[in-house]
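J.: Starting off with a structure, shown below.
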Amino acid sequence: KLSRIPPTSPEAGVIRSYIDWLFELPWNKTSQDSKDLKESERILNEDHYGLEKIKQRITEHIAVMMLSDSPRGPILCFVGPPGVGKTSVAQSVARALGRKFVRASLGGLHDEAEIRGHRRTYIGAMPGKIIQGIRRAGTKNPVFLLDEIDKIGHDYRGDPAAALMEVLDPEQNRTFMDNYIEIPFDLSQVMFITTANTLQGIPEPLLDRMEILRLPGYLETEKVIIARDFLLPKAIKRNGLVNYKIEFTETALKRIIRNYTREAGVRELERKIDEILRKIAVKIAGNKTRKKKFTIDESDVDDYLGVPPYIESPIPERLVPGEALGLAWTSFGGELLRVEALLLPGKGTAKFTGMLGDVLKESVEAALSLVRSRADVLGFNPEKVLKSDIHIHFPEGAVPKDGPSAGVAIFSAVASLLAGRPLPNDIAMTGEITLTGRVLKIGGLPEKLLAARRYGIKRVVIPKLNENDLKEVKPEILSGLEIIPVSTVDEVLELVSLRK
């Protein structure tokens, strides 16, 4: 048809572009997989500290490739807070496997044609991100990263998440049909890796197609090692200081981590190290120093970075009645959640403040009802509640809070208030409660325990139903923590000595 159409015809350009795409796609071209387990482990360890589950999963895949002629490409989903290394570890996986690496960002995607492509009848039609990525890779078996899958949108133009189901389904992606190409393309050898900060918002059918691997935040000791062994050498090279010896003391790194960053990952830590190195570079370039060696200690950090933005408010030596410490999970990692309750003269109404979501408000109401049902155990007159208003506040009011896992902490705060006895200041709690007093399972336990360690908490109350999840928590996090599993709120009252 192209030979019969004048070269100046608009249709000729469309046909020529289509033919170019057909010939440039790697229909039968694959890269040779690395089948050296030791070398793959070396590459993964060289690029990243920790992340044992991911490294183990990649090692398993290489072992399967060594034993199978046609292994199926796994579809993995790395879930974790920002800055823990989800995107960069995907690049390391490609290096370890000896495959090409391509990345497509899905954040803010609204049009399903971005995945499946536009039909050629449209002016300026193009294939979707999947076929474009395969063309860039030049092989049909790359490591394909689909970044920020939890931030896909959908509107009248279609649902990109639904379009991804065909891509990420091992039974369907052997014959993936792009609207532009209109010829089935085999994606079964592609290793798809997706990343997300949270699983909320990802459709259930899409989740079902992926193997979830969680990347929790890092301990302070781990951040120090990562900064010293991984971030600092890269930052020195990036800032042109390879001819100078620059060291950070451990106390300096801890000062930066505690007072200049608030994150589960290490992205902000990397920025702060860069900022210090840039100021050293200014001194050197401006001939203000002739030193060849720089050692940054704790006292130097404030000079380079200014006033610290984060000063963790220490836990009070003694809590007052109505105060409790909970543990919350956010997309940035675990946090200590303070709960305050106050009794005021009134008509038995309840007021809650602190930028609460609907689920958390319902948890507060459930906790209030449960406390009133335990009046005889706590030793207060139920009439007292009917003639008073209760105000429950969650400090840091500018930070949105939601979820059911603060139920035990809210119950304990109100119970402490009405019983007139304070709770211990070394104990934090997490768990959803029911109106019958049962304590239900919660999510994000590793991140919450990490937060407890960071704030110096000694004892943590968790639901008994979460006991098995402790196997997934690093031993370094558990050391120094007394974990107390409970099944009912009555066990909590016994523990904190609130029974009459």
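J.: Quick one: residue 20 ticks every box in (1) modelled with pLDDT under 80; (2) more than 30 Å from residue 265 (Cβ to Cβ) except a single one, so which number is it?
T.: Unmet for residue 20, out of (1) modelled with pLDDT under 80; (2) more than 30 Å from residue 265 (Cβ to Cβ): (1).
Let's see how each residue does on (1) closer than 17 Å to residue 135 by Cβ; (2) buried (at least 21 other Cβ atoms within 10 Å of the Cβ); (3) not assigned by TED's automatic domain parsing to the domain that holds residue 119:
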| position | (1), (2), (3) |
| --- | --- |
| 160 | no, yes, no |
| 164 | no, yes, no |
| 169 | no, no, no |
| 174 | no, no, no |
| 184 | yes, no, no |
| 190 | yes, yes, no |
| 193 | no, yes, no |
| 196 | no, yes, no |
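For every residue, the table says whether it meets (1) in a helix (DSSP H, G or I); (2) without any contact (Cβ under 8 Å) to a residue 40 or more places away in the chain; (3) among the hydrophobic types (A, V, I, L, M, F, W, C); (4) not assigned by TED's automatic domain parsing to the domain that holds residue 459.
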site: 279; (1), (2), (3), (4): yes, yes, no, yes
site: 301; (1), (2), (3), (4): yes, no, yes, yes
site: 328; (1), (2), (3), (4): no, no, yes, no
site: 366; (1), (2), (3), (4): yes, no, yes, no
site: 369; (1), (2), (3), (4): yes, no, no, no
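J.: Residue 460: in contact with a Lys or Arg (Cβ under 9 Å, 6 or more places away or on another chain) and modelled with pLDDT of 90 or more, yes or no? Spell out the reasoning first.
T.: Working: in contact with a Lys or Arg (Cβ under 9 Å, 6 or more places away or on another chain): yes; modelled with pLDDT of 90 or more: yes.
In short, yes.
J.: Here is a follow-up. Suppose we filter 318, 290 for residues that are assigned to a loop (DSSP other than H, G, I, E, B), at pLDDT 85 or above and outside the structural domain of residue 198 (by TED's automatic domain parsing); which single one remains? Spell out how you get there, then give the answer.
T.: Numbers: 290 fails: at pLDDT 85 or above.
Every option except 318 fails the conditions.
J.: Take residue 448 and tell me if it is closer than 26 Å to residue 263 by Cβ and either of a type outside the set (Val, Ile, Thr) or out of contact with any strand residue (DSSP E or B) (no Cβ under 9 Å at 6 or more places or on another chain) (or both).
T.: Details: closer than 26 Å to residue 263 by Cβ: yes; either of a type outside the set (Val, Ile, Thr) or out of contact with any strand residue (DSSP E or B) (no Cβ under 9 Å at 6 or more places or on another chain) (or both): yes.
Criteria met by residue 448.
J.: On the basis of being among the aliphatic types (A, V, I, L, M) and either modelled with pLDDT under 80 or under 22 Å from residue 168 (Cα atoms) (or both), does residue 64 make the cut?
T.: Values: among the aliphatic types (A, V, I, L, M): yes; either modelled with pLDDT under 80 or under 22 Å from residue 168 (Cα atoms) (or both): yes.
Yes, satisfied.
J.: Which members of the stretch 131-177 meet the condition of being modelled with pLDDT of 85 or more and over 28 Å from residue 92 (Cβ atoms)?
T.: Once the filter is applied, which keeps residues that are modelled with pLDDT of 85 or more and over 28 Å from residue 92 (Cβ atoms), the stretch 131-177 yields 175, 177.
J.: Residues in the stretch 85-99: is at least one surrounded by fewer than 20 Cβ atoms within 10 Å (Cβ to Cβ) and over 22 Å from the mean Cα position of the chain (by Cα)?
T.: Start the filter on the stretch 85-99 by keeping residues that are surrounded by fewer than 20 Cβ atoms within 10 Å (Cβ to Cβ), which leaves 87-88, 91, 95, 98.
Now drop any that are not over 22 Å from the mean Cα position of the chain (by Cα), which leaves 95, 98.
Among the residues of the stretch 85-99, at least one is surrounded by fewer than 20 Cβ atoms within 10 Å (Cβ to Cβ) and over 22 Å from the mean Cα position of the chain (by Cα), which makes the answer yes.
J.: Please give the strands (runs of 3 or more DSSP E) falling wholly within the stretch 378-478 in which 1 or more residues are touching a residue at least 60 places away in the same chain (Cβ under 8 Å) and closer than 13 Å to residue 492 by Cβ. Break it down into steps so the answer makes sense when it comes.
T.: Working: elements: 388-393, 427-429, 459-463.
Output list reads 427-429, 459-463.
J.: One residue is enough: does the stretch 222-235 have a residue meeting the conditions on the phi < 0 side of the Ramachandran plot, in contact with a Lys or Arg (Cβ under 8 Å, 6 or more places away or on another chain) and modelled with pLDDT under 85?
T.: Within the stretch 222-235 (the criterion being on the phi < 0 side of the Ramachandran plot, in contact with a Lys or Arg (Cβ under 8 Å, 6 or more places away or on another chain) and modelled with pLDDT under 85), the answer is no, since none of the residues qualifies.
J.: Please find, among 392, 442, 433, the residue that is under 16 Å from residue 321 (Cα atoms) and crowded, with 18+ Cβ neighbours inside 10 Å. Lay out the reasoning, then the answer.
T.: Values: 442 fails: under 16 Å from residue 321 (Cα atoms); 433 fails: under 16 Å from residue 321 (Cα atoms).
Going through 392, 442, 433 in turn, just one is under 16 Å from residue 321 (Cα atoms) and crowded, with 18+ Cβ neighbours inside 10 Å: 392.
J.: Please identify the pairs in which a residue from the stretch 251-267 that is under 13 Å from residue 219 (Cα atoms) has its Cβ atom under 7 Å from the Cβ atom of a residue that is of a type in the set (Phe, Trp, Tyr) and surrounded by fewer than 17 Cβ atoms within 10 Å (Cβ to Cβ), counting only partners at least 6 apart or on another chain.
T.: Every condition considered, the pairs that remain are 262/310; 263/332; 264/332.
J.: Could you look through the stretch 463-481, keep only residues that are of a type in the set (S, T, N, Q) and at pLDDT 90 or above, and pick out the one that is surrounded by the fewest Cβ atoms within 10 Å (Cβ to Cβ)? It would help to see each step written out before you state the result.
T.: First pass over the stretch 463-481, keeping only residues of a type in the set (S, T, N, Q): 466, 468, 479.
Then drop every residue that is not at pLDDT 90 or above, which leaves 466, 468.
On the way: 466: 19, 468: 8.
Out of the qualifying residues, it is 468.
J.: Do you know which residues across the stretch 288-325 are crowded, with 16+ Cβ neighbours inside 10 Å and more than 17 Å from residue 336 (Cα to Cα)?
T.: Hits for the stretch 288-325 are 294, 296, 300, 301, 304, 305, 321.
J.: So which of 124, 138, 117 is without any contact (Cβ under 8 Å) to a residue 24 or more places away in the chain, assigned by TED's automatic domain parsing to the domain that holds residue 45 and closer than 21 Å to residue 24 by Cβ? Please lay out each step first, then the result.
T.: Working: 138 fails: without any contact (Cβ under 8 Å) to a residue 24 or more places away in the chain; 117 fails: without any contact (Cβ under 8 Å) to a residue 24 or more places away in the chain.
The match here is 124.
J.: Next question. Look through the stretch 37-78, keep the residues that are free of Cβ contacts under 8 Å to residues at least 12 places away in the same chain and under 16 Å from residue 213 (Cβ atoms), and return whichever of them is surrounded by the most Cβ atoms within 10 Å (Cβ to Cβ).
T.: 56
The values are calculated or read from the model by the stated rules, or taken from the named source; none is laboratory data. These numbers come from a predicted model, not from an experiment. In this analysis, Cβ positions are derived from the backbone assuming ideal geometry, glycine residues included, and neighbour counts consider all displayed protein chains.
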